[in-house]
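**Q** I have a structure I would like to understand better, so I am pasting it below and will then ask my questions one at a time.
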Amino acid sequence: MDIDLKKIKKVFFIGIGGIGISALAQMALSKGMEVSGVNDEEGKTVDSLREMGIEVVSKRHFDTLPEVDMYVYSDAWLYRGPEILQTAKDTGKPVLSYFEALGEFAKEYKVIAVSGTHGKTTTTAMVAEVLVDAGLDPTVVVGSFVKKFNSNFREGKSEYLVLEADEYNRHFLNFRPFVTVVTNIETDHLDYYKDIDDIKNAFGQLVLQTSNVVVHNGNDTNISILARKYKGRVLDYGKFLEKVPKLSVPGVHNRMNAACALAVADILKIPEEVAKKSLSDFSGTWRRLEKRGVTESGVIVYDDYAHHPTEIRASLQGLRELYPPPSSKIPASQSKKITVLFQPHLYSRTKALFDDFAKSFKDADRVLLLPIYFAREALDKSVSSEKLANAIYAFFLKEWKQFPVDAFLDLESAEKFVSNLNLGNSDVFVTMGAGEAYKVADKVFGLTLDSK
């Protein structure tokens, strides 16, 4: 697809409140385009867009599709609003998915694309902040709100565009990156991909589309095999691990993310001391092991987007760096019990990685499960949170100890249960998953997720 963006004066975004597409809407606005859109939920993304003067219509009140030069849609709206998409297609005007459109906007930049099964968002934010602090003034599109600029979009004036490149549906193949970062490759998105070989094939295509440098982990065989086929420069970010400064965000996974950012800094000839200072000041992003606050009773509340077994293990390990378990040889006042309220995301992912999910909660003291957040899928009764709860209990009973785990039929049941736990200053409560688990903390603890 080849769109002449100079001829595009008006754009309508279908599902404009999505975390990625809302950033693109801001990018279009920064280019002088007239932007409007429709969304089915309220929240911070929508609030931010309205504050910029962008008209966002609620789906409940939506009746007429405006006449514009281009329509851009979120993939979720293939299911949430297929009738709106069809109406847009009937106009004969260009109708692009979010990533197709972002690929068009990206053509005028040197793109630094951050890809991988895990760590994309945080690594993108880290790379962006390093470039900003080095005075390179990048444009940034990231799948979360970066605390430093309180947005998922940053307008820059330089030739660089730092963006998060999603592998789902091979979306990242809409880009021709100047630099590609591959954080890692694991099995995921099996509602689209056939198997790990299919996933590696997609990443391999992205590598071959890269014009300058591929940053990867030489110890990850899934990536290193692909990198050997690349004829350009290949840089192993593992070699930068020993240079990572002390970070304010916990976990080995974040040190790996920071090593990726140092590798990119090396490519762009950013002074090492500038990059290290930027990383040491990095304060994180929305919903990535985000500390939401402390309740009056002393409960420390976190929210995390982890929805894959590897991510769950990494996030809990990071929390344990901050809050050792009660059995540790430390003062009782410093140790904490961790209660996790997890909402599995997608029937297909839960089924495909079922055994791995069951083994992922070793660093927790209690696990609570919400019903599977099915998003873009039809009901699959062969898998459920109740079955996962039984598997978690059986695994921990066999391997370690009795382990309290409960599954709930809805958010209201979970709210009532959590309210009766009598959590206090010896507890950490973390909501986890790509769905709506954070709403339970909102209700029980009276918290408001700033970037919802």
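**Q** Residues to consider are VAL207, VAL214, VAL274; find the one that is in contact with a Phe, Trp or Tyr (Cβ under 8 Å, 6 or more places away or on another chain) and assigned to a helix (DSSP H, G or I). Working first, answer last.
**A** Details: VAL214 fails: assigned to a helix (DSSP H, G or I); VAL274 fails: in contact with a Phe, Trp or Tyr (Cβ under 8 Å, 6 or more places away or on another chain).
Going through VAL207, VAL214, VAL274 in turn, the sole match is VAL207.
**Q** Then there's this: What number goes with the only condition from (1) at pLDDT below 95; (2) assigned to a strand (DSSP E or B) that ALA113 does not pass?
**A** That leaves (1) as the condition not met.
**Q** Name the single residue, out of those in segment 367-385 being surrounded by fewer than 15 Cβ atoms within 10 Å (Cβ to Cβ) and at pLDDT 85 or above, that is nearest to GLY18 (Cα to Cα).
**A** ASP380
**Q** Can you find even one residue in segment 348-360 that is small (Gly, Ala, Ser), in contact (Cβ under 8 Å) with a residue 12 or more places away in the chain and within 25 Å of LYS416 (Cβ to Cβ)? Walk me through how you get there before you give the answer.
**A** Taking segment 348-360 as the starting set, the residues that turn out to be small (Gly, Ala, Ser) are 348, 352, 358, 360.
When the remaining residues are screened for being in contact (Cβ under 8 Å) with a residue 12 or more places away in the chain, the result is 348, 352, 358, 360.
Next, from what is left, pick out any that are within 25 Å of LYS416 (Cβ to Cβ): none.
Checked segment 348-360: no residue is small (Gly, Ala, Ser), in contact (Cβ under 8 Å) with a residue 12 or more places away in the chain and within 25 Å of LYS416 (Cβ to Cβ).
Results for (1) closer than 29 Å to SER211 by Cβ; (2) open to solvent by less than 60 Å² (accessible area, probe 1.4 Å); (3) within 21 Å of the chain's Cα centre (by Cα); (4) aliphatic (A, V, I, L, M), shown as yes or no for each residue.
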{"position": "THR64", "(1), (2), (3), (4)": "no, no, no, no"}
{"position": "GLU67", "(1), (2), (3), (4)": "no, no, no, no"}
{"position": "SER74", "(1), (2), (3), (4)": "yes, yes, yes, no"}
{"position": "TYR79", "(1), (2), (3), (4)": "no, no, yes, no"}
{"position": "LEU85", "(1), (2), (3), (4)": "no, yes, no, yes"}
{"position": "LYS93", "(1), (2), (3), (4)": "no, no, no, no"}
{"position": "PHE99", "(1), (2), (3), (4)": "yes, yes, yes, no"}
{"position": "GLU104", "(1), (2), (3), (4)": "yes, yes, no, no"}
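**Q** Would you be able to tell me the number of residues in segment 289-303 that are surrounded by 22 or more Cβ atoms within 10 Å (Cβ to Cβ) and either farther than 25 Å from PHE445 by Cα or at pLDDT below 90 (or both)?
**A** 2
**Q** Please determine whether any residue of segment 334-342 is open to solvent by 30 Å² or more (accessible area, probe 1.4 Å), without any contact (Cβ under 8 Å) to a residue 24 or more places away in the chain and either of a type outside the set (Gly, Ala, Ser) or more than 20 Å from GLY251 (Cα to Cα) (or both).
**A** Yes.
**Q** Looking at LEU136, LEU206, LEU190 in this structure, which one is more than 19 Å from the chain's Cα centre (by Cα) and surrounded by fewer than 22 Cβ atoms within 10 Å (Cβ to Cβ)? Spell out the reasoning first.
**A** Numbers: LEU206 fails: surrounded by fewer than 22 Cβ atoms within 10 Å (Cβ to Cβ); LEU190 fails: more than 19 Å from the chain's Cα centre (by Cα).
None of the others qualify; the one that does is LEU136.
**Q** Further question on the same structure: List, please: which pairs have Cβ atoms under 6 Å, are six or more places apart or on different chains, and start with a residue in segment 1-24 that is within 20 Å of PRO82 (Cβ to Cβ) and open to solvent by 10 Å² or more (accessible area, probe 1.4 Å) and end with one that is assigned to a helix (DSSP H, G or I) and at pLDDT 95 or above?
**A** Qualifying pairs under 6 Å: GLY20/TYR98.
**Q** Answer yes or no: is there a residue in segment 306-317 that is of a type in the set (D, E, K, R) and open to solvent by less than 20 Å² (accessible area, probe 1.4 Å). Give the steps one after another, and end with the answer.
**A** So in segment 306-317, the residues of a type in the set (D, E, K, R) come out as 311, 313.
From what's left, open to solvent by less than 20 Å² (accessible area, probe 1.4 Å): none.
Checked against the condition, which is being of a type in the set (D, E, K, R) and open to solvent by less than 20 Å² (accessible area, probe 1.4 Å), segment 306-317 yields no hits at all.
**Q** Could you tell me which of the residues ASP356, ASP410, ASP380, ASP365 is of a type in the set (D, E, K, R) and in contact with a strand residue (DSSP E or B) (Cβ under 6 Å, 6 or more places away or on another chain)?
**A** On the way: ASP356 fails: in contact with a strand residue (DSSP E or B) (Cβ under 6 Å, 6 or more places away or on another chain); ASP410 fails: in contact with a strand residue (DSSP E or B) (Cβ under 6 Å, 6 or more places away or on another chain); ASP380 fails: in contact with a strand residue (DSSP E or B) (Cβ under 6 Å, 6 or more places away or on another chain).
ASP365 is the lone residue from the list that is of a type in the set (D, E, K, R) and in contact with a strand residue (DSSP E or B) (Cβ under 6 Å, 6 or more places away or on another chain).
**Q** Take the residues of segment 269-307 that are in contact with a strand residue (DSSP E or B) (Cβ under 8 Å, 6 or more places away or on another chain) and among the hydrophobic types (A, V, I, L, M, F, W, C): which is nearest to THR121 (Cα to Cα)?
**A** Only one residue fits best here, namely TRP286.
**Q** Please go through segment 217-250 and give me each residue that is assigned to a helix (DSSP H, G or I) and among the basic types (Lys, Arg), ordered by number.
**A** Of segment 217-250, the ones assigned to a helix (DSSP H, G or I) are 221-227, 237-243.
Passing the criteria: LYS239, LYS243.
The values are calculated or read from the model by the stated rules, or taken from the named source; none is laboratory data. None of these values were measured; they are calculated from a predicted model. Note that each Cβ is placed from the backbone with ideal geometry, even for glycine, and that neighbours are counted across all protein chains shown. The protein model used for the area step is the full one, side chains on, heavy atoms only, and it has no ligands, DNA or RNA in it. Shrake-Rupley method; radii C 1.70, N 1.55, O 1.52, S 1.80 Å.
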